[in-house]
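In what follows, a structure is listed as structure tokens, so that the remarks can point back to it.
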Amino acid sequence: MKTLATRKIALTGNYAVAHAVKMAKPHVIAAYPITPQTSIVEKLSEFVERGELKSSFVNVESEFSAMSVVYGAAMAGARAFTATSSHGLLYMYEVVWWTALSRAPVVMAVVTRTIGPPWNIHVEHNDILTLRDTGWLVAMAGDVQEAFDLTLQAFKIAEFAVLPMAVGLDGFILSHSTEPIELTPQEVVDEFLPPRRFDVPVAFRPGVPVTFGNLPSDNRIHARHKAALYNAHQDAKELIRRVDEEYGKLTGRSYGGLVEWYKCEDAKYVVVCTGAWCSDGKAAVDRLRARGMPVGLARLRFLRPFPAEWLRRLDLYDVVIVYDRDITPAGGVLGLEVKSVLSRAKVINIIAGIAGVDFDVSGFYETVQNAIGGKYGEVEFVI
């Protein structure tokens, strides 16, 4: 185990991701700018230009092309990275499915942003949640330090699970906020994440035809393939826990696997949320406990694989209040998914913070009290 001193530095969430990617030493980076993701690939281009990162930096003409480049690179054995937001992710969407179903271990940062119309560049989670059925592993960072650490973990998780992984950051709230963090020494990163060998398989050599994703001779192959993808997600749960534990031993920073539980031991009521606003939720929990209200918080670090086994614990509590920073005609995505694994607890789904509308500690504080006090129905819009 390395014992080298860590370096403390103030970084935005986007720059923290870029520094982590540099330390992961990807062979290929595909870049297309879109607000609020742009500064990730801008910073990576600086690293490449200055010779600090030896990587093929491919400026593409669209997000569709960006995902196509990293998909092809990963299938050829390269470590590959890209980043996007909002409409950019939707433009990638066809190739996102090909990447997952081909088991290509791409890592992608998704800086979450509203999908229009009306046009809006601020935070919302509907974009990253479009990945939930594709086969991608999907995680959400809670702060700038975790954005850095989670990106490094993502490369190891993706390559060992043989699945692509998306790391989510709340647009502007996290992507452009500056916080002091610890940068893991490169020697420690290399111990945790050895460079991926870029060995071109025999089948890729000139004169040898090869194809992926072609028509199978038996349509049941497709169903078996997707069943194998499901099983890979179930296996990834233990892998994520082990990778987080290993990273913690090397750096002193680990995050508890798929779900972080905050003051839930003696709680009667539990808040469930994901992303950067969970910090506001924790502060509200502290205030409510100071008033004698036994409230806890469960932060979903991973949305895929879906942490059903952990979330069933929520049936132990009287009221579960699920906060969604997304909105669909059926309610909030997290609210629906959490409710699907519970049988006893009362679930109240609060949809708030849409399109960058401010929702801070006082918002959590007030709405938790209203939910516990019976003032809300099954779904409540705080807009």
Options Asp190, Asp266: the member that is modelled with pLDDT of 95 or more and not assigned by TED's automatic domain parsing to the domain that holds Leu11: Asp266
Strands (runs of 3 or more DSSP E) completely within segment 1-106 that count 2 or more residues being under 30 Å from Arg224 (Cα atoms): 80-84
Residue check, Leu239 surrounded by 16 or more Cβ atoms within 10 Å (Cβ to Cβ) and either at positive phi or among the hydrophobic types (A, V, I, L, M, F, W, C) (or both): yes
Subset of segment 211-264 (residues that are touching a residue at least 12 places away in the same chain (Cβ under 8 Å), part of a loop (DSSP other than H, G, I, E, B) and more than 19 Å from Glu159 (Cβ to Cβ)): Gly213, Arg253, Tyr255, Gly256, Lys263, Cys264
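Yes or no, residue by residue, for (1) basic (Lys, Arg); (2) within 22 Å of Ala78 (Cα to Cα); (3) within 13 Å of the chain's Cα centre (by Cα); (4) surrounded by fewer than 15 Cβ atoms within 10 Å (Cβ to Cβ):
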| residue | (1), (2), (3), (4) |
| --- | --- |
| Gln145 | no, no, no, no |
| Pro185 | no, no, no, no |
| Phe192 | no, yes, no, no |
| Phe212 | no, yes, no, yes |
| Lys226 | yes, no, no, yes |
Test set (1) touching a helix residue (DSSP H, G or I) at 6+ places or on another chain (Cβ under 8 Å); (2) under 14 Å from Val28 (Cα atoms) - Met75 fails condition number: (1)
Qualifying residue in segment 140-162 (condition: in contact (Cβ under 8 Å) with a residue 24 or more places away in the chain, assigned to a loop (DSSP other than H, G, I, E, B) and more than 25 Å from Ala276 (Cα to Cα)): yes
Residue list for segment 268-287, filter: surrounded by fewer than 22 Cβ atoms within 10 Å (Cβ to Cβ) and either within 22 Å of the chain's Cα centre (by Cα) or touching a residue at least 24 places away in the same chain (Cβ under 8 Å) (or both): Lys268, Ser279, Asp280, Lys282, Ala283, Arg287
Filtered residues of segment 314-331 (kept if surrounded by fewer than 22 Cβ atoms within 10 Å (Cβ to Cβ) and in contact with a strand residue (DSSP E or B) (Cβ under 8 Å, 6 or more places away or on another chain)): Tyr317, Asp318, Val319, Ile327, Gly331
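The values are calculated or read from the model by the stated rules, or taken from the named source; none is laboratory data. Note that the structure is predicted; figures quoted are calculated from it, not measured. A quick note on method: Cβ atoms are made from the backbone with ideal geometry, for glycine too, and the neighbour counts reach across all protein chains shown.
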